[in-house]
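Structure, as C-alpha cells:
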Amino acid sequence: QVQLVESGGGLVQPGGSLRLSCTKSGSIFSINAMGWYRQAPGKQRELVASITSGGSTNYDDSVKGRFTISRDNARNTVYLQMNSLKPEDTSVYYCNADIRTRSYLPTRTYWGQGTQVTVSS
C-alpha cells in the first residue's frame, strides 16, 4: 500500500525557517506532479507550491520569494524550504503526489497525513 509520509513541522518564531519533507512508502511505477497544500482551522485547503516531474514549479503569491519547493526523483521525495516565516503561515501542511502504482493502472492522487507548522513568538 502506498503512503506519503511528511516530516519537519514544528514551532518556529516569526522570521525563522523550517524544511518539510515528504517521501513515499510502498512500491510504485512512477510519480508525476508533487505538491504542498496547507489548511488553517476554519479555512479551505489551499495550494502552497507544486513541482512537475521535470522540475517546473508553481507558487501561491503569498509564499513567492520565501518558500522553495524541490524534489529528489531518485528518492521519490519532495521538500518545502520555508524561510521568513510569518504567523499567517501557521497551518497544517499536506503533501500530495500523482502516483501510478503499476504501468497498467491510472494515475491517482495520494495525500500525506499532514504536519503542523506553527509560527509564533
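Miscellaneous remarks
- Positions within region 12-21 being under 22 Å from GLY35 (Cα atoms) and either in contact with a Ser or Thr (Cβ under 6 Å, 6 or more places away or on another chain) or polar (S, T, N, Q) (or both), in sequence order: SER17, SER21
- Residues that are assigned to a loop (DSSP other than H, G, I, E, B) and of a type outside the set (D, E, K, R) were ranked within region 82-91; the one that is nearest to SER17 (Cα to Cα) is ASN83.
- Only residues that are in a strand (DSSP E or B), among the hydrophobic types (A, V, I, L, M, F, W, C) and open to solvent by less than 60 Å² (accessible area, probe 1.4 Å) were counted in region 1-33, giving 7.
- Restricting region 92-121 to residues that are in a strand (DSSP E or B) and of a type in the set (A, V, I, L, M) leaves a set whose member that is farthest from GLY9 (Cα to Cα) is ILE99.
The values are calculated or read from the model by the stated rules, or taken from the named source; none is laboratory data. Since the structure is predicted, the reported quantities are computational estimates derived from the model, not experimental observations. Cβ sites come from the backbone with ideal geometry, for glycine too, and all protein chains shown count toward neighbours. We work out accessible area using only protein heavy atoms, side chains counted, and drop any ligands, DNA or RNA first. Shrake-Rupley method; radii C 1.70, N 1.55, O 1.52, S 1.80 Å.
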